[in-house]
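The values are calculated or read from the model by the stated rules, or taken from the named source; none is laboratory data. Bear in mind the structure is a predicted one, so any value in this text is a computation, not a measurement. Because the Cβ atoms are built from the backbone with ideal geometry, glycine has one as well, and the counts that use them run over all protein chains shown.
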């Protein structure tokens, strides 16, 4: 209709994501039923989205390497494989195959409803209103921040989250507290020693005169 219109210019500043403590997330896992506790443990160990965990299949679990493959990434993200704790794999293997070929109920709305009821119950029992601020996606925020704090490697965290653009990963940098980090250190001179340190969770720092230096958070 040839009406002149000048679109308003708005400077949008996203709100800071709520960051719970590890103890609060652990309390949620311990208070949940066995299947849902496993679901939350996977979220804590992989940083995967709710829908990605719901679509996990038994073939995505590598028991020998303690790894979980995210093969149905959401939001146009990349698929990836993440090494997890042996405890997490054991919890998964102890589940029944009620939803075979899926590990969990493939309906993400069911998981969100369960979590909402769980967090409200804990907020009442522990008289801690902070529980009501925790969402399933909060596990992803906590995972990303913790991995960035441990490794200080943005590209590695980008892979773990499945981000195609590192810009999406960079928003976690201001949430990670680097000042309080303390590390153990280790050196490797042979290929066998390097492989062993990597398998034990050590992070490569640099090499000098044939010696590789690694570190691990205390």
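The selection criterion, being buried (at least 20 other Cβ atoms within 10 Å of the Cβ) and over 15 Å from the mean Cα position of the chain (by Cα), holds for residue 28.
Of all residues in the range 72-113, those being under 25 Å from residue 165 (Cα atoms), touching a residue at least 24 places away in the same chain (Cβ under 8 Å) and surrounded by fewer than 16 Cβ atoms within 10 Å (Cβ to Cβ) number 5. For the range 59-71, the count of residues that are in contact with a strand residue (DSSP E or B) (Cβ under 6 Å, 6 or more places away or on another chain), in contact (Cβ under 8 Å) with a residue 60 or more places away in the chain and either assigned by TED's automatic domain parsing to the domain that holds residue 137 or surrounded by fewer than 18 Cβ atoms within 10 Å (Cβ to Cβ) (or both) is at least one. Given the criteria at pLDDT 95 or above and touching a strand residue (DSSP E or B) at 6+ places or on another chain (Cβ under 6 Å), does residue 101 qualify? Yes. For residues that are touching a residue at least 60 places away in the same chain (Cβ under 8 Å) and in a helix (DSSP H, G or I), tally how many sit in the range 23-37. The total comes to 8. Within the range 190-206, the set of residues being surrounded by 11 or more Cβ atoms within 10 Å (Cβ to Cβ) and either in contact (Cβ under 8 Å) with a residue 60 or more places away in the chain or touching a strand residue (DSSP E or B) at 6+ places or on another chain (Cβ under 7 Å) (or both) comprises 194, 197, 201, 202, 203, 204, 205. Taken together, the residues in the range 138-169 that are in the same structural domain as residue 108 (by TED's automatic domain parsing) and farther than 19 Å from residue 81 by Cα amount to 1.
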